[in-house]
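The values are calculated or read from the model by the stated rules, or taken from the named source; none is laboratory data. Keep in mind it's a predicted model, so treat the numbers as computed, not measured. Surface accessibility is based on the protein's heavy atoms, side chains included, excluding ligands, DNA and RNA. Shrake-Rupley method; radii C 1.70, N 1.55, O 1.52, S 1.80 Å.
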Amino acid sequence: MRWRRLAHRLPLTGVAVAGAVVGHMVAYVLAVPEPTVRVALLGATGHAYWTQAIAAAVVLGLASLAATLRRRFRAGLMSARPQPSEHVGRLAGQLAGFQIAIYLVQEALERLEAGIPAHALLDGRLLAIGVLAQSAIAVVLAVLLAAAGQMAEAAGRALRPPPRHAEPASPPVVDLVVAWPSRLLAAGRGSRAPPSSLVAG
């Protein structure tokens, strides 16, 4: 059971990592609209790793999406009835929790790497904008994941082979052996009976 739960949550974690990276970028764009100022801020706050973070987010996001589609497609192949899908609100809440936690840890580690006190994160509006951005992106990702899962499951049901109908079973040999002589006797008795005219005469 634990392995199944872990396998079920791994795709969700990968999507959350990808969403956190996207939310991180959106938060900085909204908080610092001017590109030159934003680039300077990113350089001064320990974002030298950002290219690698984007590449990892793309890989994890695509792998998680593929795992989710595969799981729901197999569910459609195994059952002709639609399987209960995850509630979008619950899925969005889980993603938002993961993404906000990743975002806060990211920001704290980035400032420590740049030699800036971690409490500096509480200054300004970057923290609030980041939390809101992560929550909004979590909702969007939850809706997309739910829709993609439903489509994959529907495709699996459409490609599901039709059920095999059981062939009518032939009568047992014992029944034939017992029934056939009884039929012959009944037929013979009917043919050997004397005509009614002879009996009367």
Original post:
For VAL29 and VAL59 in the same chain, what is the full-extension length gain: residue separation times 0.36 nm, less their Cα-Cα distance, in nm?
Top reply: 8.5 nm
**OP:** Order VAL21, VAL29, VAL59, most accessible first, counting only protein heavy atoms with a 1.4 angstrom probe.
**Re:** VAL59, VAL29, VAL21
Subject >> Gained length - LEU41 relative to ARG90, 0.36 nm times residue gap less alpha-carbon distance >> reply: 14.1 nm
Original post:
Across segment 44-54, in residue order, what do the Karplus-derived ³J(HN,Hα) couplings come to in whole Hz, using 6.51 cos²θ - 1.76 cosθ + 1.60 with θ = phi - 60° and x for Gly and Pro?
Top reply: 8, 10, x, 9, 5, 8, 4, 4, 5, 5, 5
Original post:
With θ set to phi - 60° and the Karplus curve 6.51 cos²θ - 1.76 cosθ + 1.60, what are the ³J(HN,Hα) couplings of segment 87-103 in order, to the nearest whole Hz, using x for Gly and Pro?
Top reply: 5, 4, x, 5, 5, 5, x, 5, 5, 5, x, 4, 5, 5, 4, 4, 4
